[in-house]
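Just below is one structure, and these are the notes that go with it.
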Amino acid sequence: MLFRRIYQFLIIYCLGILFLLTLKLLLNLSDYVIPGPVSIWHVFVQEFRRFLMSVLSTLGVAVIGQVTSVCLAFAVGILGRQATWFGSFVKVAAYNIQAYPIVAIAPIIFILLGDGFVSRLLIAAMICYFPLLLSVMGIMSEPIDDIEHFYRVTGRMRWQLEVKIRAFENLHKLTTVIAGSATLAMAGTIVAEFIAANAGIGYTIRIALYQSDLAKVLVALFVIGITLSVYQGMLEWAGLRVKRRWAGGV
């Protein structure tokens, strides 16, 4: 899984670089507009370490934001799983909150909380939370009739058992959703850093754009992609281990 994630990203990244270089040759653009392979390599050698530290800083915030959003999404999904008045109220409230675009709210967050760690974390968690909530709520609201019927008839069904059954039967979906939410959390953190932060790879990309240095942007995208691919691969591997262990325990 890990190596598949990495080589898939490398293929996409190389195709993107190839497209830019082809565009450069066809339109006869200067290195100031689209840098050549030598310029990109020089920037890679000079800036890789600094960019990697920035990406790891961003990833740290993204991971905390993702964990926060996952916990919140599961809590709301469990509360709203039943077709009761309270469950319907939770669903409606959760869906209506999504009507507010997070990027539009971001400036308000920065005005109130400043441009530090808390603002980056909050925006990352919010961007990651809403798509995650839809998936978790859909999974938790869908009964597993073949299994749940037995426990209901025998009177052994409890809400904890119901949640465990639905989570186990949809563990592959949940793992995919959580791994996918890593991209959203990372994107949310980068957006927050790009808008008004003083650290992280988003801040670094903003400075590079002010300098019109496309080579730095391309190298930053490479480091982001590799780091995120490794993180997502680790999440998928951990989900597979959990599933096997859980199945063995059952």
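How large is the helix-only mean residue ellipticity at 222 nm for the chain, computed as the sum of -39500 (n - 2.57) over DSSP H runs with n ≥ 4, divided by its residue count, in deg cm²/dmol to the nearest 500?
Helix contribution divided over all residues of the chain: -29500 deg cm²/dmol.
Say the dipole of the chain comes from +1 at the beta carbon of Lys and Arg and -1 at that of Asp and Glu; which of ILE109, SER57, ILE144 then lies farthest toward its positive end?
ILE144
When only alpha-carbon atoms are used, what values of Rg and Dmax, in angstrom, describe the stretch 199-249?
So, for the stretch 199-249, Rg and Dmax equal 17.6, 56 Å respectively.
Could you tell me what % of all Cα pairs in the chain have separations over 25 Å?
Roughly 54 percent, once rounded to a whole number.
Could you report the chain's accessible area per residue, 1.4 Å probe, as an integer in Å²?
Value for the chain: 56 Å² per residue.
Counting only the backbone N, which residues of the stretch 111-131 are under 19 Å from the spot 7 Å out from the Cα of ILE207 toward its beta-carbon?
Residues 115-117, 120 fall inside that zone.
If I take all pairs of Cα atoms in the stretch 165-247, what percentage of them are more than 16 Å from each other?
Counting pairs separated by more than 16 Å, the tail of P(r) holds 60 percent.
Please enumerate, by chain and number, the aspartates and glutamates with C-alpha under 18 Å from the C-alpha of LYS243, excluding those fewer than 8 residues away in the same chain.
Of all the aspartates and glutamates, those that pass the test against LYS243 - Cα under 18 Å, at least 8 places apart if same chain - are GLU162, GLU169.
Around ALA192, what is the net charge, scoring Lys/Arg as +1 and Asp/Glu as -1 over all other residues with Cβ under 10 Å from its Cβ?
Around ALA192, the charge tally is -1.
Which residues among the stretch 22-38 fall inside the zone where the amide N is under 12 Å from a point 7 Å beyond the Cα of VAL45, along Cα→Cβ?
38
Where the accessible area of the chain is counted over protein heavy atoms with a 1.4 Å probe, how much of it, in %, is carbon and sulfur?
Ligands and nucleic acids excluded, carbon and sulfur give 70 percent.
Can you give me the span-like helices of the chain, meaning DSSP H runs with 30 Å or more of Cα extent along the axis and Kyte-Doolittle mean at or above -0.5?
2-27, 37-79, 117-141, 171-196, 214-249
Once every Cα of the stretch 1-65 carries one equal point scatterer and solvent is ignored, give the base-10 log of I(q)/I(0) from the Debye formula at q = 0.28 Å⁻¹, two decimals.
Log10 of I(q)/I(0), two decimals: -1.10.
When the dipole is taken about the Cα centre of the chain, and only Lys, Arg (+1) and Asp, Glu (-1) are charged at their Cβ, what size is it in debye, to the nearest 20?
Charge dipole, the chain, about its Cα centre: 600 debye, nearest 20.
Quick one: among ARG50, ARG156, ARG166, which has the greatest mean-square fluctuation in a GNM of the chain with alpha-carbon springs under 10 angstrom?
Answer for the Gaussian network model of the chain: ARG156.
Quick check: residue separation of LYS243 and ILE17 times 0.36 nm, minus the Cα distance between them. What number comes out in nm?
My answer for the length gained is 77.5 nm.
The values are calculated or read from the model by the stated rules, or taken from the named source; none is laboratory data. As the structure is a prediction and not an experimental result, all values here were calculated from the model. Please note: Cβ atoms are built from the backbone with ideal geometry, for glycine as well, and neighbour counts cover all protein chains shown. The area values use the complete protein model at the heavy-atom level, side chains included, leaving out ligands, DNA and RNA. Shrake-Rupley method; radii C 1.70, N 1.55, O 1.52, S 1.80 Å.
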